[in-house]
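The values are calculated or read from the model by the stated rules, or taken from the named source; none is laboratory data. As the structure is a prediction and not an experimental result, all values here were calculated from the model. All Cβ positions, even for glycine, are placed from backbone atoms using ideal geometry, and neighbour counts span all protein chains on display.
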Amino acid sequence: MPAAFAPAGPGTFFQPVIVNKLCDMTDEPDSANTKFAFGKNWAGFLETLNDKKIKAAQESMQRLLGIDDLQNRRFLDAGSGSGLFSLSAYRLGAQVTSFDVDHDSVGCAQELRERFCEDESRWIVLHGSLTDTDFLKDMGRFDVVYCWGVAHHTGQMWSSIDHLIRNVDSGGLLVLAIYNDQLYISRAWYLVKRIYQRLPGWLRPGYVVAVGSVTFLKRLSMTLLAGILRLVAFRNPLIPFTNWIRQTQARGMHGWHDLVDWVGGWPFEVARPEEIFRFMRDRGFQLQELITSTGHGCNEFVFVRTNESTHPLKSAEVV
Ligand SMILES: C[S@@+](CC[C@H](N)C(=O)[O-])C[C@H]1O[C@@H](n2cnc3c(N)ncnc32)[C@H](O)[C@@H]1O
């Protein structure tokens, strides 16, 4: 069983035996033949890309980092996926380096660079892995390291983060987005993803639709309930619906490709926000921004590298 799902702390006490049994499958999370083909999904997404989505991605980055621009900042997009956030950083004025382990994802970033960049020298696209310490070391340090939704797909989440923090310059920012640990619900998602991995290719789209429909109906009923409760309290009942729409469009993503990424995304690990916070604090990073997930999504973190401990009785393990 992968470490992320081994009984670890008080929170795991109640995990249902049946889910544990079902999850006890033999493949290791990082085995190459079970890795999800992220890049193929991203290539489909690029066909749907338009100005509105690029603008939404750019604004989400500005909001998360709390900045207006990234003029002359060195920006590393670690696990660049579609390349959309590298493009956003480029448009905000940064000197961008992006890399991904998936060749098709690398191709997506190259395509976006060709399609949208006048000054290609301001955006370097590389093939490489978060788990390759030599590769990371060769890249040097950056003002912003953006690693959104990646470390939990490497099969070595904690060591990947540990490697990557060496690329953050003193005073620089590290952005992480990591799947929220929902205890037995996360274990059920683990099972959903394992089933996807084991299905023949032609059955996978139907499976994604089925999982998506259940998730959609659950969300719809919760939103309806929230709307009714607001109505009873003489408050605007449409707010839960507008919040839902805003959330789904927040990063310029596409509903279908996001869903495929979520259902198929493998390897898969999760963490509670406090686990990430403590891990980073002990390495000389201060939390600057935190957006927690209310469900199975990612918790988003922005850390500043201070090289000093924020724990009064502990010195930082500066890397
Ligand atoms: C969910 S996507 C996120 C993409 C992008 N960061 C974003 O915010 O849209 C995860 C990406 O991580 C990449 N990835 C997975 N393991 C990796 C590794 N070991 N090194 C670099 N990239 C990796 C995948 O190929 C995929 O493109």
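Just a few scattered comments:
- Residue match in segment 117-129 (condition: within 23 Å of Ile67 (Cα to Cα) and within 18 Å of the chain's Cα centre (by Cα)): no
- One residue stands out among those in segment 269-319 that are among the basic types (Lys, Arg) and touching a residue at least 12 places away in the same chain (Cβ under 8 Å): the one that is surrounded by the most Cβ atoms within 10 Å (Cβ to Cβ), which is Arg305.
Conditions tested, residue by residue: (1) buried (at least 18 other Cβ atoms within 10 Å of the Cβ); (2) not hydroxyl-bearing (Ser, Thr, Tyr).
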position: Leu84; (1), (2): yes, yes
position: Tyr90; (1), (2): yes, no
position: Phe116; (1), (2): no, yes
position: Leu126; (1), (2): no, yes
position: Thr131; (1), (2): no, no
position: Arg141; (1), (2): no, yes
position: His153; (1), (2): yes, yes
position: Asn180; (1), (2): yes, yes
position: Leu183; (1), (2): no, yes
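- If the condition is being within 16 Å of the ligand (Cβ to nearest atom) and basic (Lys, Arg), then segment 215-270 contributes only Arg251.
- When Asp77, Asp104 are screened for being within 13 Å of the ligand (Cβ to nearest atom) and surrounded by fewer than 21 Cβ atoms within 10 Å (Cβ to Cβ), only Asp104 passes.
- Filtered by the rule that a residue be small (Gly, Ala, Ser), within 11 Å of the ligand (Cβ to nearest atom) and over 23 Å from Gly155 (Cα atoms), segment 80-101 gives Ser86, Ser88.
- Looking only at residues of segment 107-133 that are in a loop (DSSP other than H, G, I, E, B) and not polar (S, T, N, Q), we find that the one that is nearest to the ligand (Cβ to nearest atom) is Leu130.
- Ala210 being at pLDDT 90 or above and farther than 21 Å from Pro267 by Cβ: yes
- Gly140 passes every criterion in (1) on the phi > 0 side of the Ramachandran plot; (2) under 14 Å from the mean Cα position of the chain (by Cα) apart from (2).
- Counted residues, segment 245-267 - those being under 16 Å from Ser60 (Cα atoms) and either touching a helix residue (DSSP H, G or I) at 6+ places or on another chain (Cβ under 7 Å) or surrounded by fewer than 15 Cβ atoms within 10 Å (Cβ to Cβ) (or both): 9
Residue by residue, here is whether (1) closer than 22 Å to Phe279 by Cβ; (2) touching a residue at least 12 places away in the same chain (Cβ under 8 Å) holds:
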residue: Gly171; (1), (2): yes, yes
residue: Leu174; (1), (2): yes, yes
residue: Tyr196; (1), (2): no, yes
residue: Arg204; (1), (2): no, yes
residue: Leu217; (1), (2): no, no
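- Qualifying residue in segment 156-164 (condition: among the polar types (S, T, N, Q), more than 21 Å from the chain's Cα centre (by Cα) and either more than 17 Å from Val263 (Cα to Cα) or not assigned by TED's automatic domain parsing to the domain that holds Glu274 (or both)): no
- Within segment 278-300, the residues that satisfy the criterion of being at pLDDT 95 or above, closer than 20 Å to Gly155 by Cα and out of contact with any Pro (no Cβ under 6 Å at 6 or more places or on another chain) are Phe279, Met280, Glu300.
- Checklist (1) modelled with pLDDT under 85; (2) in the same structural domain as Trp158 (by TED's automatic domain parsing); (3) in a loop (DSSP other than H, G, I, E, B) applied to Phe14, failing item: (2)
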